[in-house]
Amino acid sequence: MKLLEQYSDFEIIQKVLGGEIELFEILIRRNNPYLYKTGRSYSYNHEDTQDLMQETFIQAYINLSKFENRASFKTWIIKIMLNNCFQKRQKMSFKNESPKEINEKAQPMFTNNKQSDTQKNIINRELHSVIEDAIQRVPSDYRIVFSLREINGLNVTETAEVLNISEANVKVRLNRAKALLRKEIEKSYTPDDIFEFNLIYCDTMVSRVMNQIKKMDK
């Protein structure tokens, strides 16, 4: 599997379409963090975000032949994820979707295996919680742009394409989002710290999606 990491997304897609279905796992692993951060930035909790991710990956697999490589696969699948997030919002109220109701037992986000000092871990968790809460208080139009640009690492063109807005609008919304965040938080955060998708969850998502795909292809 490691040897296949050298192939581009499009090359992997061609192999999957050619019958090497198991290679879809590579696309899942490559895009897990982006979808997770997108779902969390849309104000969904950990469990709902995972469900949305699974739905998104399955939809991407079903429609894989429609991917024309005009944009990156990352951009394409994030658009599917955003659409699923929007559709879910339309179907249900946010009474049980508050970011403050995240299940702590299901949240090894924000932990760092390299840190063994208990006090440092506690401080980091508190800091990340403050950052997360601050981002959630930013209006959704600005928050999603901030997430795509600063957390997911999409460039201006990719962000504009995902959201179907102009590049100028992307820049305006990003600047507005940053202005709404407290200065001390903006100086403190690092993209990898926010809404981190832990490796153990990545493996679980791969298993969930690939098992579903195997059932579909029987």
MET216 passes all but one of the listed conditions (1) over 30 Å from TYR61 (Cβ atoms); (2) modelled with pLDDT under 85; (3) surrounded by fewer than 16 Cβ atoms within 10 Å (Cβ to Cβ); the exception is number (1)
Exception for ILE58 within (1) of a type outside the set (D, E, K, R); (2) more than 18 Å from MET216 (Cα to Cα); (3) assigned to a helix (DSSP H, G or I) falls at (2)
(1) modelled with pLDDT of 70 or more; (2) in contact with an Asp or Glu (Cβ under 8 Å, 6 or more places away or on another chain); (3) assigned to a helix (DSSP H, G or I) all hold for HIS128 apart from (1)
Among the residues in the range 66-80, are any part of a helix (DSSP H, G or I), modelled with pLDDT under 95 and farther than 21 Å from GLY153 by Cα?
yes
In the range 199-209, anything modelled with pLDDT of 70 or more and either not small (Gly, Ala, Ser) or not in a helix (DSSP H, G or I) (or both) is listed as TYR201, CYS202, ASP203, THR204, MET205, VAL206, ARG208, VAL209
Scanning the range 65-93 for residues that are of a type outside the set (S, T, N, Q), surrounded by 16 or more Cβ atoms within 10 Å (Cβ to Cβ) and free of Cβ contacts under 8 Å to residues at least 60 places away in the same chain gives PHE67, TRP76, ILE77, ILE80, MET81, CYS85, LYS88
Selection over the range 158-198 where residues are at pLDDT below 65, surrounded by 19 or more Cβ atoms within 10 Å (Cβ to Cβ) and among the β-branched types (Val, Ile, Thr) yields a count of 1
How many residues of the range 1-30 are closer than 14 Å to ARG208 by Cβ and not hydrophobic (A, V, I, L, M, F, W, C)? The answer is 2
Restricting the range 8-54 to residues that are at pLDDT 90 or above, at negative phi and outside any helix (DSSP H, G or I), the one surrounded by the fewest Cβ atoms within 10 Å (Cβ to Cβ) turns out to be GLY18
### Query
Given the structure, is LEU148 modelled with pLDDT of 90 or more, of a type in the set (A, V, I, L, M) and touching a helix residue (DSSP H, G or I) at 6+ places or on another chain (Cβ under 7 Å)?
yes
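The values are calculated or read from the model by the stated rules, or taken from the named source; none is laboratory data. Everything numeric in this text was worked out from a predicted model, so none of it was measured. No Cβ is skipped: glycine too gets one built from the backbone with ideal geometry, and neighbour counts run over all protein chains shown.
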